[in-house]
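This report concerns only the one structure given below.
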Amino acid sequence: MTAGVAAGRATSTIEEAKRGGKNSLVLVLSKGGADMAYPALILATTARALGMDAHIYFTFWGMQLLTPEGRKKAMDVFPPDMQKALAAKFPTVEVFMQQAKQAGVHIHACSPTMDMFGMTKASLVNEVDDVIGASTYLELASRPDALTLFI
Amino acid sequence: MTAGVAAGRATSTIEEAKRGGKNSLVLVLSKGGADMAYPALILATTARALGMDAHIYFTFWGMQLLTPEGRKKAMDVFPPDMQKALAAKFPTVEVFMQQAKQAGVHIHACSPTMDMFGMTKASLVNEVDDVIGASTYLELASRPDALTLFI
Amino acid sequence: MTAGVAAGRATSTIEEAKRGGKNSLVLVLSKGGADMAYPALILATTARALGMDAHIYFTFWGMQLLTPEGRKKAMDVFPPDMQKALAAKFPTVEVFMQQAKQAGVHIHACSPTMDMFGMTKASLVNEVDDVIGASTYLELASRPDALTLFI
């Protein structure tokens, strides 16, 4: 996508929002494999390119993607030959998450999951913005301009 | 959460709804394991605490959670040591579903799934409010104030 | 559902949309098994019967449902006796997808997934309307009248 096209789309998205459309993408990522991390990261970074806000609320198995070891194991959902093919075309989940963060995607960790699995904030990767609960997620997702998906 | 905080949040959620925000959480729960039942029940009971309406439409594998045997097997998605750790911190799916029901969460069973799997209303747990189809779900989810997720 | 009931519901849905309700169902289907294809197809065809627009954006594992071989394998998620029981009551995924298409459901293939897995347009089934990316999906899902779910 060229900058011109991106700018044009961002403008139309903002105009859409003024007419009642959505200008904020709020994803819940509940799975720990790269097969669902890729769609979440593609949607979130595309939303940013379109001028939308973007949030990913990592919860349950998705919290594995916020630990250094879990993030490395994310590709294990694919057979070895598919891992090679993907590695030739797409960034790793770790690199993709860093790119998303640099593009302004907000990375939220789930506090009930941390309680459930005995995880500490110190064990999480640097990209995490904050640790939030279900009520904060619902506040983000309840905004009139929010488009929310459970992945 | 204290009652004061809950009341404050409920008020702000209602005010938000007046501005076009969401005041009704309508979840589809299509999975039969406790790993997805917990997020659904946490979201639905949190929505009630925030003063929102809350619905869970159990469909496909999710219908297993509405039978006494299926609900007991829901923890089998976890290895035994994880089951013990969870049991020490969280209610069982059965108890959590009863708490959700008492908090005013609406429990809907899916009629096409019952046809598909030859299930009868008599075989379902007491918490079920009604048996509805896809058109009734879409009517609930199409309301201007509805926030809907497919889990 | 009789035509009269369908017409009545379609009218009320359109009236609802004028008050800020949803009149367009935009599904993402990311799974390749019949267990998630059925809910997506039931929701999309029901939406059409209610007078709503309906779109299914097939992505990731869901793209397997858009190849002739993958669509045939979709029932393999069920044990053989369950496959027989389902076949007695419901159309196959192939026939159901053709019925959805005839009812006006839009079938979108995902371009990033095609890149990822080295798929060509020529290898896809006839029901595919077009190949779109995440930005086109977000434009569809951002409309004020869109109800969107990630399956």
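Are any of the residues in region A:62-83 away from chain C (no Cβ under 12 Å) and among the aromatic types (Phe, Trp, Tyr)?
No, that holds for no residue.
Do we have any residue at all in region C:60-70 that's of a type in the set (A, V, I, L, M) and without any contact (Cβ under 8 Å) to a residue 12 or more places away in the chain?
No, every residue in region C:60-70 fails to be of a type in the set (A, V, I, L, M) and without any contact (Cβ under 8 Å) to a residue 12 or more places away in the chain.
Among the residues of region C:17-70, which ones are among the small types (Gly, Ala, Ser) and under 21 Å from A:MET36 (Cβ atoms)?
Within region C:17-70, the first condition is being among the small types (Gly, Ala, Ser), and the residues that meet it are C:17, C:20-21, C:24, C:30, C:32-34, C:37, C:40, C:44, C:47, C:49, C:51, C:54, C:62, C:70.
Correct list: C:SER30, C:GLY32, C:GLY33, C:ALA34, C:ALA37, C:ALA40, C:GLY62, C:GLY70.
In region B:6-46, what count of residues is obtained for those that are of a type in the set (Val, Ile, Thr), open to solvent by 30 Å² or more (accessible area, probe 1.4 Å) and modelled with pLDDT under 55?
2
Any residue at all in region A:50-61 that's open to solvent by 60 Å² or more (accessible area, probe 1.4 Å), part of a strand (DSSP E or B) and more than 21 Å from C:CYS110 (Cβ to Cβ)?
Of all residues in region A:50-61, those open to solvent by 60 Å² or more (accessible area, probe 1.4 Å) come to A:53.
Those still in the list that are part of a strand (DSSP E or B) too: A:53.
Those left that are additionally more than 21 Å from C:CYS110 (Cβ to Cβ): A:53.
So far as region A:50-61 goes, yes, one or more of its residues are open to solvent by 60 Å² or more (accessible area, probe 1.4 Å), part of a strand (DSSP E or B) and more than 21 Å from C:CYS110 (Cβ to Cβ).
Return only the number of the condition from (1) open to solvent by 10 Å² or more (accessible area, probe 1.4 Å); (2) within 20 Å of C:THR59 (Cβ to Cβ); (3) of a type in the set (S, T, N, Q) that A:THR67 does not satisfy.
For A:THR67, the failing item is (2).
Among the candidates A:ALA134, A:ALA100, single out the residue that is within 14 Å of chain B (Cβ to nearest Cβ) and open to solvent by less than 20 Å² (accessible area, probe 1.4 Å).
Details: A:ALA100 fails: within 14 Å of chain B (Cβ to nearest Cβ).
Only one candidate passes the filter, namely A:ALA134.
Step by step: first the residues of region A:84-94, then only those that are more than 13 Å from chain C (Cβ to nearest Cβ) and open to solvent by 60 Å² or more (accessible area, probe 1.4 Å), then the one that is farthest from C:MET119 (Cα to Cα). Which residue is that? Walk me through it before giving the result.
If we filter region A:84-94 for residues that are more than 13 Å from chain C (Cβ to nearest Cβ), which is where we start, we get A:92-94.
Next, only the ones that are open to solvent by 60 Å² or more (accessible area, probe 1.4 Å) stay: A:92, A:94.
Values: A:THR92: 21, A:GLU94: 25 Å.
Looking at the filtered set, the residue picked out is A:GLU94.
Out of curiosity, is A:VAL128 in a loop (DSSP other than H, G, I, E, B) and more than 9 Å from chain B (Cβ to nearest Cβ)? Lay out the reasoning, then the answer.
Numbers: in a loop (DSSP other than H, G, I, E, B): yes; more than 9 Å from chain B (Cβ to nearest Cβ): yes.
For A:VAL128, the condition - in a loop (DSSP other than H, G, I, E, B) and more than 9 Å from chain B (Cβ to nearest Cβ) - is met.
The values are calculated or read from the model by the stated rules, or taken from the named source; none is laboratory data. Treat the numbers as computed from the prediction; the structure is a model and nothing was measured. Ideal geometry is used to build each Cβ from the backbone, glycine not excepted, and the neighbour counts take in all protein chains shown. When the accessible area is computed, the model is the full protein with side chains, heavy atoms only, and any ligands, DNA or RNA have been set aside. Shrake-Rupley method; radii C 1.70, N 1.55, O 1.52, S 1.80 Å.
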